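Here the structure comes first, spelled out in C-alpha cells, and everything after it is commentary.
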Amino acid sequence: MTDYSHIDREAFKQFEHDGFSRVAQTYDRAIAQVTSQVNTAILDAVGVGYGTQLLDVACGTGWLSAAAVGRQAIVTGLDLVENMVAMARSRCPQAEFYTGDAENLPFESARFDAIVCNLGILHFPAPQKAIAESWRVLKTRGRYAFTCWTPPTRNPFMKLILGSVQTHGNMNVDLPPGPPLFRFGEPTECETALQAVGFTSVSVTELPILWNFPTPEDVLPTVIASTARLGPMLAMQTTTQRHNIENAIIEGAKKYVSNGSVEIPAAVVLAVASKPSVQ
Ligand SMILES: C[S@@+](CC[C@H](N)C(=O)[O-])C[C@H]1O[C@@H](n2cnc3c(N)ncnc32)[C@H](O)[C@@H]1O
C-alpha cells in the first residue's frame, strides 16, 4: 500500500474543516443534490431497511441520513463540521447527529448493523484509520460502503475542471497536501484498503452522476463557492489564469447543454464489504 505518512494530517484536517464550514450553505444548495443521486444505490448495497442501526459517516447536510430514515432505519450521522451537522439536524430530526471525526468515532465497538460514507473518504487525511474505525463500530456480519469520485480519465466533470486548471493555471498552489483526491476511484485501492482491516466479500462498482447547472457560466462560481479543496485551488489562481480557466470551463460546458440547462456526466466508485463472523 502507498505510504502517505509525509502528509501533515492535522493541517489537512483543519483545512477540510475550515473549508466545509465556509461552504456548508452553498454545499447544501449546489452539491448535495448531486451526491444524493447515489443514495438509493448505497442504502441498497448495505441492506438498509426497517430497524437497521445505520451510521452515516461524513454525513454532510444529512440527505443520505434522511433517505435512510425514509426506509425506517435507526440513523446516526457524524460529520467533522458543526455547520454541516446543524443542517443535517434540521433536515432530519428523526436521526441523531454528532460532530466528530471519522478517524476517531465516538461510539462503542460493534454498535451498528451497517455503515455508509458517501464521498467522505477522499477528505480524510488517514482514510485507512477511518476504515478501521468503521470496522470497529460495525457488528459482525455488518455491511460497510463508501464512495469516491472516479479520476478525470473516467469522469468528464472532473476532466473539465481539472483539465482546465492544468492547461491554463497552476495545480501546485500553496494548500496543505492531502491524500490523492481520486485514490479510491481505483477499485484495487478500495479492495486493498478494505481487506487490510479484515473486510471480506468486497465488491466495487461504478455509478453515474450528473452535475446540473442553469448555464455554462454557473459552473466555475458554483464549484468555487461549494467545495473545500477544488474551490480554494481555483480561487488561488492569478487573475489571468482564472480568466482563462473560466473561459475554458464555459466553452467545455457548452458541449453539455441539453434541454435548457447544463448536464455534465461524472461517476463515483461504490465499494461495499462485509465484516465476517469468523475473523
Ligand atoms: C463531499 S462532503 C459529503 C457529504 C455527504 N456525505 C454527501 O454525500 O453530500 C464531505 C464531508 O466530509 C466531512 N468531513 C471531512 N473530514 C471529515 C472527518 N475527518 N470526519 C468526519 N467528516 C469529515 C465534511 O465536513 C463534509 O461534510
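Readers should treat all values here as calculations from the given coordinates under stated rules, not as data from a laboratory. Keep in mind it's a predicted model, so treat the numbers as computed, not measured. So basically every Cβ, Gly included, is an ideal-geometry build from the backbone, and we count neighbours across all protein chains shown.
Once the Cα atoms of the chain are picked out, what are the Rg and Dmax in Å?
18.4, 59
Between beta-carbons, use under 15 Å as the cut-off and find the net charge around Y50, counting Lys and Arg +1, Asp and Glu -1.
Net charge around Y50: -1.
In which sequence would Y98, Y27 go, from the one with the fewest C-beta neighbours within 10 Å to the one with the most?
Details: Y98 16, Y27 24.
Listing Y98, Y27 from fewest to most nearby Cβ atoms yields Y98, Y27.
Give me the percent relative contact order of segment 15-160, please, defined on Cα pairs under 8 angstrom at least 6 residues apart.
22 percent
Across segment 221-237, in residue order, what do the Karplus-derived ³J(HN,Hα) couplings come to in whole Hz, using 6.51 cos²θ - 1.76 cosθ + 1.60 with θ = phi - 60° and x for Gly and Pro?
Those phi angles translate into x, 5, 5, 5, 7, 10, 10, 8, 10, 5, x, x, 4, 5, 5, 8, 6 Hz.
Show the residues, 5+ positions off or on another chain, whose built amide H is closer than 5 Å to the amide H of R111.
Amide H neighbours of R111, under 5 Å, 5+ apart: L138, K139.
How large is ³J(HN,Hα), in whole Hz, for each residue of segment 128-142 in order, when computed from phi with the Karplus curve 6.51 cos²θ - 1.76 cosθ + 1.60 and θ = phi - 60°, using x for Gly and Pro?
Working through the residues one at a time gives 4, 5, 5, 5, 5, 5, 5, 4, 4, 8, 8, 5, 5, 6, x Hz.
Could you state the principal axis extents of the C-alpha atoms in segment 115-160, from the largest down, to the nearest angstrom?
41, 22, 12
What order do you get for T52, T167, T150 when you list them from fewest to most C-beta neighbours inside 10 Å?
T167, T52, T150
What is the set of long-range amide H partners of I209 at a cut-off below 5 Å, with H atoms built 1.01 Å from backbone N?
Those lying under 5 Å, H to H, from I209 are A266, A267, V268.
How big is the antiparallel share of DSSP beta bridges in the chain, given as a percent to the nearest 5?
For the chain, the DSSP antiparallel bridge percentage is about 55.
Using only the Cα atoms, what convex hull volume per residue in Å³ does segment 138-210 have? Before the final figure, lay out the partial values.
Working: hull volume 9.1 nm³, N = 73.
Spelled out: Cα convex hull of segment 138-210, divided by residues, is 125 Å³.
Which whole-angstrom value gives the distance between the alpha carbon centres of segment 186-234 and segment 98-159?
Answer, in whole Å: 13.
Tabulate in residue order the Karplus-calculated ³J(HN,Hα) for segment 167-174, using 6.51 cos²θ - 1.76 cosθ + 1.60 with θ = phi - 60°, rounded to whole Hz; enter x for Gly and Pro.
Rounded to whole hertz, the list is 6, 10, x, 10, 7, 9, 6, 7.
State the number of lysine pairs found in the chain whose Cα atoms come within less than 25 Å, restricting to pairs 8 or more positions apart or on distinct chains.
6
Treating only the Cα positions of segment 78-178 as identical point scatterers, give the base-10 log of I(q)/I(0) from the Debye formula at each q in 0.14, 0.21 Å⁻¹.
Log-scaled intensity ratios, in q order: -0.72, -1.15.
Would you grab the residues whose amide H sits under 5 Å from the one on L181? Only those 5+ places off in sequence or on another chain, please, with H modelled 1.01 Å from N.
none
Tell me what the chain gives for mean residue ellipticity at 222 nm when only DSSP H runs of n ≥ 4 count, each as -39,500 (n - 2.57), the sum divided by the residue total, rounded to 500 deg cm²/dmol. Numbers along the way, then the final one.
Working: 11 runs with 112 residues, N = 279.
Theoretical 222 nm ellipticity from helices: -12000 deg cm²/dmol.
Taking every pair of Cα atoms in segment 139-279, average 1/r, invert it to obtain the Kirkwood radius, and report Rg/Rh to two decimals.
Ratio of gyration radius to Kirkwood radius: 1.07.
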